[in-house]
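Inspection log for the structure reproduced underneath, given as structure tokens.
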Amino acid sequence: MESKTKLFVLAGVSFLFLAISMIMHGAVLPVWLQEFKLSATLGGRLFFMYYLSYVILTFLSGWSAQFFGGGWVLFVCYLFLIAGFAMLGVAVSFLYLALGMLLLGAGGGLLEAPLTTVISRFFPGDEGYALNLSQVFFGVGASAGPFLTGFLLSRGVPWRLLYILLLVVAMFLATLIFRSRDLFGVSVSQREKISREFLSRWKGFLGILALAMLLYVGAEIGSSSWMSTYLVRELQGTVFWGGAAIAVFWAMITMGRFLFAFLSRFLDYSLLLRIGSGINIISLLFLLFTSRVELALVAFGGLGLGCSGIWPLIIAHLTSRIEENHFACVGFVVGFGGLGALIFPYLFGFLGDHLGLRSIFFFVLVLSGLLLATFSSRFFLKKEA
């Protein structure tokens, strides 16, 4: 295989593994609550621990990769993942679970931004295509991980064994990362410095992209966190339909990334971003005006399609405009996405308790409208920032 192909496959598998390590815990949580006699509040705190370290390390990952090189940061990220899976695999109390989630979040935070930057650098001029395809792997992991976890647990497989198996996989991937000459080759050969002139020129551009990422992840994670509960409690659907909603959402994200990868070779990234946010607005309006479960599933599928290309296209737009300091810039923007994942699911739950579950998707509609307005700003419409 050519070096580009090898690197892309390694990156794709890493994104798939990241999705599994990030999302599978929801399927294991009921077992944890029962075995360790935890309250729902403590269960929710485990996810908070994950995203807390994820956000902090995401912000630091870009600067670290720029200083030490992307290859070394990615290798260290797998060391955190190995430690996290080991901690969960031998967990005997809530403290072990919390530390395990904290370590896994740190590993995820160190992985996403540097790996995204490496792909952008290795595919100059074709960033949108490469990033969308690489994120297909994430969608597959996000869909298959929880399903396989639930399936294996229902067949009597011990949950600790699942984490030990993932520990072995993480060790194997860490070895591949360490031995990848291509991966270390696209790291910075000299330490780039962020000058005052650079900040003065690009601070507005980076600020608006960080805002866009915050709004997008807030809309995506906020809606996906509550769509199952919305179908079951608000629309009186069964638990099956609730699970189907999440499956449809992630399936459309996965398929949509193939579509946006193809379109990115012919259309401007900013136009595709406006198309995606427009699809989201139409889908959410459709959702808010229907009370039928089947139609709500169609709306969630449309929401997944609209969301599918936004994350990779924001990063592609960034790296295609800025020619230096990619690691630090991508880490900064992706870090704001992590803030969205940390804040909005909890905020939407609070709003749902006080205003009803339907209000959650009204506020997701507001975020999508703000996102469309952001994508229509001069920072996306003009070649110069």
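So the values come out like this:
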{"item": "Apportionment of accessible area to carbon and sulfur, the range 231-337, percent (1.4 Å)", "result": "70"}
{"item": "Amide hydrogen neighbours beyond the local backbone of T290, cut-off 5 Å, H modeled", "result": "none"}
{"item": "Rg(Cα) / (2.2 N^0.38 Å) computed for the range 298-373, rounded to two decimals", "result": "1.34"}
{"item": "Dimensionless Rg over Rh [the range 1-76; C-alpha; Kirkwood]", "result": "1.12"}
{"item": "Options A328, L104, A130, ranked by Cα towards positive dipole end of the chain, top entry (Cβ charges)", "result": "A328"}
{"item": "Exposed-site-free run, longest, the chain (rule: GluC sites (Glu not before Pro); DSSP loop; at most 12 other C-beta within 10 Å)", "result": "3-322"}
{"item": "Per-residue SASA entry for W241, accessible area with 1.4 Å probe, Å² rounded to 10", "result": "80"}
{"item": "Å² per residue, accessible surface of the range 284-385 at 1.4 Å", "result": "39"}
{"item": "Computed over the chain: relative contact order in percent, which uses C-alpha pairs under 8 Å that are six or more apart", "result": "25"}
{"item": "With DNA, RNA and ligands ignored, accessible area of K6 (1.4 Å probe; Å², nearest 10)", "result": "110"}
{"item": "Dimensionless Rg over Rh [the range 58-125; C-alpha; Kirkwood]", "result": "1.11"}
{"item": "P(r) of the range 266-322 over all Cα-Cα pairs, binned every 10 Å from zero, in whole percent", "result": "25, 41, 22, 10, 2"}
{"item": "Cα gyration tensor category, rounded, prolate or oblate, for the chain with a/c compared to 1.5", "result": "oblate"}
{"item": "Prolate/oblate/rounded label for the range 9-149 (Cα gyration tensor, a/c 1.5)", "result": "prolate"}
{"item": "Axial C-alpha extent at least 20 Å, average Kyte-Doolittle at least -1.0 - helices from the chain (DSSP)", "result": "3-23, 40-68, 70-89, 94-122, 127-154, 159-179, 196-229, 239-263, 269-288, 293-308, 326-355, 358-375"}
{"item": "The chain: calculated mean residue ellipticity at 222 nm from DSSP helix runs of at least 4, using -39500 (n - 2.57)", "result": "-29000 deg cm²/dmol"}
{"item": "GNM top mover of A11, A261, A91 - the chain, alpha-carbon springs below 10 Å", "result": "A91"}
{"item": "Most mobile of L206, L161, L297 in a GNM of the chain (Cα contacts under 10 Å)", "result": "L161"}
{"item": "Net charge dipole size for the chain [Lys, Arg +1 and Asp, Glu -1 on Cβ; Debye, nearest 20]", "result": "220"}
{"item": "Probe 1.4 Å, all protein chains present, accessible-area order of Y78, Y96, Y51, largest first", "result": "Y96, Y51, Y78"}
{"item": "Percent of Cα pairs exceeding the 18 Å cut-off, where the set is the range 95-172", "result": "58"}
{"item": "Sparse-neighbour loop sites [trypsin sites (Lys or Arg not before Pro); the range 92-161; at most 16 other C-beta within 10 Å; DSSP]", "result": "R155"}
{"item": "Sparse-neighbour loop sites [trypsin sites (Lys or Arg not before Pro); the range 336-385; at most 15 other C-beta within 10 Å; DSSP]", "result": "K382, K383"}
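The values are calculated or read from the model by the stated rules, or taken from the named source; none is laboratory data. Computed from a predicted structure; not experimentally measured. Every residue, glycine among them, receives a Cβ derived from its backbone with ideal geometry; neighbour counts consider all protein chains shown. Ligands, DNA and RNA are excluded from the accessible area calculation, which covers all protein heavy atoms including side chains. Shrake-Rupley method; radii C 1.70, N 1.55, O 1.52, S 1.80 Å.
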